[in-house]
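Take a look at the structure set out below.
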Amino acid sequence: MQNEMITHSGQCHCGAVRFEFDAAPDLVAWDCDCSICAMKRNTHCIVPEGDFRLLQGEEELSCYQFNTMTAKHLFCKRCGICPFYRPRSNPDGYAVTIYCITSPTVRSMEVKKIAGSNWEAAVAESGIRGLSKPRQQAAAAAAGAEGAAAAAGAAPA
Ligand SMILES: [Zn+2]
């Protein structure tokens, strides 16, 4: 079922930071080669803010920023792991590090390459920006488009 939603959960290495998020069991992840993702070997899923919940450890999170200062690269002060962060591509949502998902809830993972080293072009052509839109809003937009298409189809030629 394409729209089936389940709850995934995860944590940093020491367990001080714990989180969960709602998403399909079949996840899409992004393997980025921008300056920081290349060093972190960062592969992440984009989650709308409304589908993400920090369960514990907010006080353990530190934040690193650079360049445009848009992204908030969060990491655990105890163990140094970044289980999730606010990505520059989707500052209205979260990027969850796929290796920090610890629940046995992931049925499949499609990993897409994104050339963050050529940031503007890569983000524009990837479609990644739309992935952090609230689900209700995205569904309404899709329904609106279908409704408009149906109305156009029903209109006399
Ligand atoms: Zn930790």
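Details
- Restricting the stretch 1-19 to residues that are within 16 Å of the ligand (Cβ to nearest atom) and assigned to a strand (DSSP E or B), the residue that is surrounded by the fewest Cβ atoms within 10 Å (Cβ to Cβ): Ser9
- Looking across the stretch 95-127, the residues that are in a strand (DSSP E or B) and in contact with a Cys (Cβ under 9 Å, 6 or more places away or on another chain) come down to Ala95, Val96, Thr97, Ile101, Met109, Lys113, Ile114.
- Any hit, the stretch 94-104, residues being polar (S, T, N, Q), modelled with pLDDT of 95 or more, farther than 15 Å from Lys133 by Cα and more than 15 Å from the ligand (Cβ to nearest atom): yes
- Scan of the stretch 45-83 for residues that are in contact with a Gly (Cβ under 8 Å, 6 or more places away or on another chain) and either free of Cβ contacts under 8 Å to residues at least 24 places away in the same chain or not acidic (Asp, Glu) (or both), ordered by number: Ile46, Val47, Pro48, Phe52, Cys76, Pro83
The values are calculated or read from the model by the stated rules, or taken from the named source; none is laboratory data. This is a predicted model, so every value here is computed, not measured. In this analysis, Cβ positions are derived from the backbone assuming ideal geometry, glycine residues included, and neighbour counts consider all displayed protein chains.
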